[in-house]
Amino acid sequence: MGLCMTLDVARIRKDFPILDREVRPSVPLVYLDSAATSQKPAQVLDAMRDYYERHNANVHRGIHTLAEEATAIYEGTRAKVATFVNAASPSEVVFTKNSTEALNLLAHVLPFGPGDEVVVTEMEHHSNLVPWQLACQRTGATLKWIGLTDDGRLDLDDLDRVITDRTRVVSFVHQSNLLGTVNPVDVVVAKARSVGAYVVLDASQSVPHMGIDVQALGVDAVAFTGHKMLGPTGIGVLWAPLARLEEWPPFLGGGEMIDEVTMAGSTWAVPPHKYEAGTPPIAEAAGLGAAVDYLTDVGMDAVRAHEHELTAYALEQLQAVEGLRIIGPTTTEMRGGAISFALGTVHPHDVGQLLDERGVAVRVGHHCARPACLRYGVPATTRASVHLYTSTDDIDALVEGLRAVKAFFGA
Amino acid sequence: MSADSMYQEIILDHYRNPHHKGLREPYDAQVHHLNPTCGDEITLRVALDGDTVADVSYDSEGCSISQASASVLTDLVIGRSVTEAGKAYDAFVELMQSKGQLEPDEDVLEDAVAFAGVSKYPARVKCALLAWMAWRDAVVQASADMEGSTS
């Protein structure tokens, strides 16, 4: 295990059963795809199993013991998440299916129409681009975007041109899943505020790795997802100030989100229930609560410091591979641990396939951020991404694998 | 299971030195196909001379499997009748759907037998089929145009 001053990685890895498995006989797993989804510690798996074995019931319905226990678990996670991101109240935390659903929700409820403009950036994941494209088609608003610089940053010189008095919403990513870039939230927020626009932040890649303070960010809404922060799939989070959740209309209709229903019409429950139609992901909430506890116990400062160290090491080692080009910032300044690159002329599919032969799991493709790939003139990239359980040994295995790929293709 | 079974020397040879690559005139139909999950793309042209596949030319970008597959395809279909070429197409599609369980017929598939190993990797079957699907599409269009012009 590589030396790490900030985190006992060897101890942490023991909590993640999957990291012990072999991909094939005598080929241990080297997992470097945490930006796609993180692995889960035993504590999360245990919490979900315990929920189904001992407490399974629907929430907010019925007064029997199990229903009350299930409700306590579900609402308990809401409170944990609120504390984790420093929300003013648990009522500001809405559970969704994932970040994508949270962003679609916002694209439906935020008020804009013909003549108005919605601004995104060229580095958005499709989940923070396509919902706004659809919303603009539906409402007659116009979609605009902030371009990128050659070194993988937002082109801030573009801000004054793109964000204008007609801008109603600015929605952008905190940390890019493709480039690893961490965007200067304060700069974009200041500009958006100066024209009175709502600000939405896609924090899918930042909450799991650096922790956030939603009140300090000064935005109107934040979206993130459970499965990238050691929790299960099927549960995501929308945070917004209570006043906003009260002001905006509902999104999905159904049970749970109503106050009074007649055949002629209905009134809405108070937030967050107003935005949680139907039976919610209860076992997933149990898992997410355990994931938040786990990250809180380790400490997000320690997680961040560990990943910063790993990213520095990975950037240095990768750039020592001849013919390798990083797509995104090449230093750790304002950067996270998702690193995309091109390896000479070898196609990412071939890179990923041969790395898999060695047990090294990376992501290849356009990473649901095709416009950014086009911007940098690559149809696809290979991406390695880290989490708190990643060690320098994992990076070494990657780099050794990349040298073998080059040798195989004579590149 | 090892990548050696996928990256056969024949495949690597076609990848490094693709046959019939580049877009040529004349042609009867041109199609553009892409694999949205990985960004592989191909523009492919077919020229028919009566019932004969006179030429297949293409411009493509993608992984070794998709590039080699296009090269192997052109070797197999250029100069053949549409019916004969169609048999090779059917045999190749069947091979790619076989999950490694089929012993390919070298008389029909020639160099394309090297792709048998690829059929064991579900994520890569699309790469191998990209050029073939494009060719099929172009032949159907070219044949339809021809019928339209003679009727």
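The values are calculated or read from the model by the stated rules, or taken from the named source; none is laboratory data. Note that the coordinates shown come from a computational prediction; the quantities given were computed from them, not determined experimentally. For neighbour counting, all protein chains shown are included, and Cβ atoms are generated from backbone atoms with ideal geometry for every residue, glycine included. Accessible surface is based on the protein model in full, side chains and every heavy atom, while ligands, DNA and RNA are left aside. Shrake-Rupley method; radii C 1.70, N 1.55, O 1.52, S 1.80 Å.
Points worth noting:
- A:Phe112 in contact with a strand residue (DSSP E or B) (Cβ under 9 Å, 6 or more places away or on another chain), aromatic (Phe, Trp, Tyr) and free of Cβ contacts under 8 Å to residues at least 60 places away in the same chain: yes
- Looking only at residues of region A:213-224 that are open to solvent by 20 Å² or more (accessible area, probe 1.4 Å) and in a loop (DSSP other than H, G, I, E, B), we find that the one that is nearest to A:Asp301 (Cα to Cα) is A:Asp213.
- Breaking point among (1) in contact with a strand residue (DSSP E or B) (Cβ under 6 Å, 6 or more places away or on another chain); (2) open to solvent by 10 Å² or more (accessible area, probe 1.4 Å); (3) in a loop (DSSP other than H, G, I, E, B), for A:Cys368: (1)
- All positions within region A:349-373 that are at the interface with chain B (Cβ under 10 Å from one of its Cβ atoms) and among the small types (Gly, Ala, Ser): A:Gly352, A:Gly365
- In this structure, A:Thr100 does satisfy being within 26 Å of A:Ser127 (Cα to Cα) and either without any contact (Cβ under 8 Å) to a residue 12 or more places away in the chain or open to solvent by 50 Å² or more (accessible area, probe 1.4 Å) (or both).
- Test result for B:Thr83, out of contact with any helix residue (DSSP H, G or I) (no Cβ under 6 Å at 6 or more places or on another chain), open to solvent by less than 50 Å² (accessible area, probe 1.4 Å) and either modelled with pLDDT of 95 or more or in a helix (DSSP H, G or I) (or both): no
- Any hit, region B:75-92, residues being within 14 Å of chain A (Cβ to nearest Cβ) and of a type in the set (Gly, Ala, Ser): no
- For region B:8-42, taking the residues that are in a helix (DSSP H, G or I) and open to solvent by less than 30 Å² (accessible area, probe 1.4 Å), the one that is nearest to the other protein chains (Cβ to nearest Cβ) is identified as B:Leu12.
- Entry remark, region A:109-130: residues being open to solvent by 10 Å² or more (accessible area, probe 1.4 Å) and either closer than 20 Å to A:Leu374 by Cβ or at pLDDT below 95 (or both) number 6 in total.
- Single residue of region A:264-294 satisfying the filter (part of a helix (DSSP H, G or I) and of a type in the set (A, V, I, L, M)) that is surrounded by the fewest Cβ atoms within 10 Å (Cβ to Cβ): A:Ala283
- Test: A:Val261 is open to solvent by 40 Å² or more (accessible area, probe 1.4 Å) and in contact (Cβ under 8 Å) with a residue 60 or more places away in the chain: no
- Residue count for region A:315-348, restricted to those that are closer than 28 Å to B:Ser5 by Cβ, more than 10 Å from chain B (Cβ to nearest Cβ) and open to solvent by 10 Å² or more (accessible area, probe 1.4 Å): 5
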